[in-house]
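The values are calculated or read from the model by the stated rules, or taken from the named source; none is laboratory data. Please read these numbers as outputs of a predicted model, since none were measured by experiment. For neighbour counting, all protein chains shown are included, and Cβ atoms are generated from backbone atoms with ideal geometry for every residue, glycine included. All accessible areas refer to the heavy atoms of the entire protein, side chains included, with ligands and DNA or RNA removed. Shrake-Rupley method; radii C 1.70, N 1.55, O 1.52, S 1.80 Å.
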Amino acid sequence: MKVYQTKEIRNIALIGGAKSGKTTLAESMLFEGGVVTRRGTIEDKNTVSDYRDIELERQNSVFSTVLYAEFEGHKINLIDCPGFDDFVGETVAALKVADTGLMVVNAQNGVEVGTEISWRNTTRAAKPVIFAVNHLEHENSNFDETIRQLKQSFGGGVTVCQYPVNEGVSFDSVIDLLQMKMLKFKNGGGKAEVLDIPASEKDKAEEMYATMVEELAANDESLMEKFFENGSLSEEEISRGIKLGLISRGVFPVFIINAKQDMGVNRLMQFILNSAPAPDEVPGVKTTEGKELSCKSTDAPSALVFKTSIEQHIGEISFFKVYGGEITEAMDMINGNNASKERLSQLFAVAGKNRQKLDKVVAGDIAATIKLKSVRTNQTLNGVKNADDKIEPIVFPNPKITMAVKAKNAADDEKLGSILNEMHKVDPTLTVEQSKELRQLIVGGQGELHLNIAKWLIENGNKIAIEYIAPRIPYRETITKSAKAMYRHKKQSGGSGQFGEVHMMIEPYHEGMSNQTEFPVRGQDIYPLDWGGKLVLNTCIVGGAIDARFIPAILKGIMEKIEQGPLTGSYARDIVVNIYDGKMHPVDSNEISFKLAGRNAFREAFKNAGPKIMEPIYDVEVIVPEEKMGDVMTDLQGRRAMIMGMDNEGNYQKIRARVPLAEMNRYSTALSSITSGRAMYSLKYAEYAQVPPDVQTALLKAYEEQESEE
Ligand SMILES: Nc1nc2c(ncn2[C@@H]2O[C@H](COP(=O)(O)OP(=O)(O)OP(=O)(O)O)[C@@H](O)[C@H]2O)c(=O)[nH]1
Ligand SMILES: [Mg+2]
């Protein structure tokens, strides 16, 4: 393959609602670009993009697929993203490296939930958007209504560049306003026949043309002037106007395709070459040190690995975008994130399972390499001179759902952990953590579908049966007032006995507090706890009542109880322990005795110190259509939520709330059913807060029952 220069490259993310036709469009683009000589279909399970077993079985995309098409001296890199929001991580990564989002819209359905969600992703990524309206040959297709909805949802920048002449089952022609010609598409692809606009369409075409120019002029006044001077604009002038509007996100051109019959695809690709920005025409990426990399081939080499996949017979493939310089085969690079030295022994242009070797990859291009030693998604590969650069990472969304997972056969549990860790490399939104505290393997994902797909992949790929169960909640225990307790551990058995006696006063710890004055503090140790909060140990012993060498044993006993709190076995935190008295026996006192005395004295004191259970509270943001807001609020209130505020977001409302984690179980499913899938939400840990008394009573009871069972 020839070496494509930065200006000859377009990076396009195929996005949009589920099943809108992205993968089918990709197939047609590959065909137009000569990568395949026969177009596959979803139904025949032979598209280039949906080639993985899970995708063939489900007949929808699950992972993004990196593809390319060579077209009229250019290389169009495509990233075909899955439409279901559970796989949003794939879209987020694709939109990091793509310079334009190509949003497919099904003209039978108009703006769907998925369209809105995809739009929001492009807004966050600040990327240009081109709309491709698909499925025009359906009897229920409604182009005008689709445009009305697009404008209503995404604003006046939505600019019609083509309209259908014969929408419906006989669809094959559009009026192309850029050329002011009628394009008659051939079934099976290729260039359209370019015809004069028939008399019957003249008036409408003129009117639509004027509207288009007006919309473009809103972003580029010089266009309007030219239009008034000459009465029309050349295609080149319009294309340039659109490019500027695309980059500034002021113009969102609409094109028409029939992805399945490969109609309009060639024209759309031409338009992409003319108007979609090249990689160096959009703002560059920042490094974490604030440097900007804007795809200049003369810069030092720098590339971001944005995707990792594991393929049969090959192993790990790392996909990267070059943000500066040129990368040549067998080049040595340095991982900016961990300083490992990596040889990029082979470079590939990848289209699904097809790979073409490359000698050189220039700034702006997307390519893949294999057999890197120590490189993960989101890491930066650099030349020697700029070895430390780290491109600002893709920000993957936090998990929306967490579940405990275990193998049906306990012997497989260990293997399961390492399988999930491998899966996390490929899909950073699938998180995994062995929680020591909860004594569970916890997986996080973007929704139930996401976790169910993970289950399928594990069960089919690794032949391990697994099940999900509700995760335990990481409660915390602490105290609200001070209390004293003493404990004497005494045991006389046979020869030597055991003896230790400890008197302590415990009090709630808070930042900046001063010592109690009842017992003068002679020594203080502050222990930050791994799970947050502190333990402060004050020694206030007078007259050698307890030997200093027993203090570590007492601390050990206290720590045991802090790690398994007296109320529910959860971690305790934020406590000051004052050891003020005790007794020793000249022969029988030893470490074990004082450990037990310390532990039991602490447990006693804790129970009398107004103990309370704290629960994790999460900041929840729900974006919901206005008309569903009431229902969503009611549901949230039923989950003990505290509503923090509401903001307008177009036709949507953003609700901000604080909700106990314990109440968020299966929220994705509930929200989806309340709003027919039209809402989005995110979760972020906020703080620990005291549980209400009724919840505390229930938790204590549950723990007692569990203890007596064990
Ligand atoms: N009739 C018709 N069917 C189409 C067209 N485009 C796609 N389809 C069909 O619509 C279904 C979904 O197409 P895909 O290409 O898988 O859609 P997608 O957007 O990639 O779907 P996800 O990746 O699952 O979000 C398939 O059955 C396609 O054959 C079209 O223009 N006309
Ligand atoms: Mg798809």
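Among the DSSP beta bridges whose two residues both lie in the chain, what percent are antiparallel, rounded to the nearest 5?
On the way: 120 of 151 bridges.
Approximately 80 percent, going by the DSSP bridge assignments.
In segment 58-205, what percent of the accessible surface is made up of carbon and sulfur (1.4 Å probe, ligands and nucleic acids excluded)? Write out the running numbers ahead of the final one.
On the way: 2300 of 4910 Å².
Heavy-atom surface of segment 58-205 belonging to carbon and sulfur, 1.4 Å probe: 47 percent.
In bins 10 Å wide, starting from 0, what share of all Cα pairs of segment 285-375 does each bin hold, as a percent?
Binned Cα distances yield the sequence 17, 53, 27, 4.
Rounded, prolate or oblate: which fits segment 355-423 when a ≥ b ≥ c are the square roots of the eigenvalues of the alpha-carbon gyration tensor, with rounded for a/c under 1.5 and prolate only if a/b beats b/c?
Working: a/c = 2.72, a/b = 2.03, b/c = 1.34.
Because a/c hits 1.5 or more and a/b exceeds b/c, segment 355-423 counts as prolate.
Would you mind working out the magnitude of the charge dipole of the chain relative to its Cα centre, with +1 at each Lys and Arg C-beta and -1 at each Asp and Glu C-beta, to the nearest 20 Debye? Mind dumping the intermediate values first?
Values: 83 positive and 99 negative charges, 491 e Å.
Here the chain has a charge dipole of around 2360 debye.
Averaged per residue, what accessible area in Å² does the chain show with a 1.4 Å probe, protein chains only? Don't skip to the end; give the middle numbers.
On the way: 30130 Å² over 710 residues.
Ligands and nucleic acids excluded, the figure is 42 Å² per residue.
Over segment 401-472, what portion of Cα pair distances is larger than 15 Å, expressed as a whole percent? List each step's numbers first, then the result.
Details: 1191 of 2556 pairs.
So the pairs more than 15 Å apart make up 47 percent of the total in segment 401-472.
Of 594, 572, 533, which is farthest along the charge dipole of segment 477-610 in the positive direction, counting Lys and Arg as +1 and Asp and Glu as -1 at C-beta?
The Cα lying farthest towards the positive end belongs to 594.
Between segment 360-432 and segment 141-219, how far is it from one alpha carbon centroid to the other, in angstrom?
43
Which percent of the Cα-Cα distances in segment 477-610 go past 27 Å?
Values: 1353 of 8911 pairs.
Percentage above 27 Å: 15.
Taking a ≥ b ≥ c as the square roots of the Cα gyration tensor eigenvalues, with a/c under 1.5 meaning rounded and otherwise prolate when a/b beats b/c, else oblate, which class fits segment 70-139?
Values: a/c = 1.95, a/b = 1.13, b/c = 1.73.
Note, shape of segment 70-139 comes out oblate.
For the peptides 15-22, 674-681, what is the packing order when you average, over each peptide's residues, the other Cβ atoms within 10 Å and list the highest mean first? Show your work: numbers first, answer last.
Working: 15-22: 26.2, 674-681: 18.0.
With the highest mean Cβ count within 10 Å placed first, the list reads 15-22, 674-681.
Of all the C-alpha pairs in the chain, what % are more than 51 Å from each other? If you can, show how the numbers build up before the last one.
Details: 69830 of 251695 pairs.
Distances greater than 51 Å cover 28 percent of the Cα pairs.
I need to check one value: relative contact order of the chain, counting alpha carbon pairs closer than 8 Å and at least 6 residues apart, in percent. Walk me through the numbers on the way to the answer.
Values: 1618 pairs, mean separation 69.1, N = 710.
About 10 percent, as a whole number.
Report relative contact order for segment 637-709 in percent, whole number only (criteria: Cα-Cα under 8 Å, sequence separation at least 6). Walk me through the intermediate numbers first.
Working: 38 pairs, mean separation 13.8, N = 73.
Once normalised by length, the contact order is 19 percent.
Does segment 641-685 classify as rounded, prolate or oblate by the C-alpha gyration tensor (a ≥ b ≥ c root eigenvalues; a/c under 1.5 gives rounded; else a/b over b/c gives prolate, otherwise oblate)?
On the way: a/c = 2.36, a/b = 1.13, b/c = 2.08.
Taking the square roots of the gyration eigenvalues as a ≥ b ≥ c, segment 641-685 is oblate.
Calculate one ³J(HN,Hα) per residue across segment 244-258 by plugging θ = phi - 60° into the Karplus curve 6.51 cos²θ - 1.76 cosθ + 1.60, and present them in order as whole Hz with x for glycine and proline.
4, x, 5, 5, 8, 6, x, 10, 10, x, 10, 10, 10, 9, 10
Could you look at segment 261-359 and say what percent of its accessible area is carbon and sulfur, using a 1.4 Å probe and all protein chains?
Exposed carbon and sulfur together represent 45 percent of the surface.
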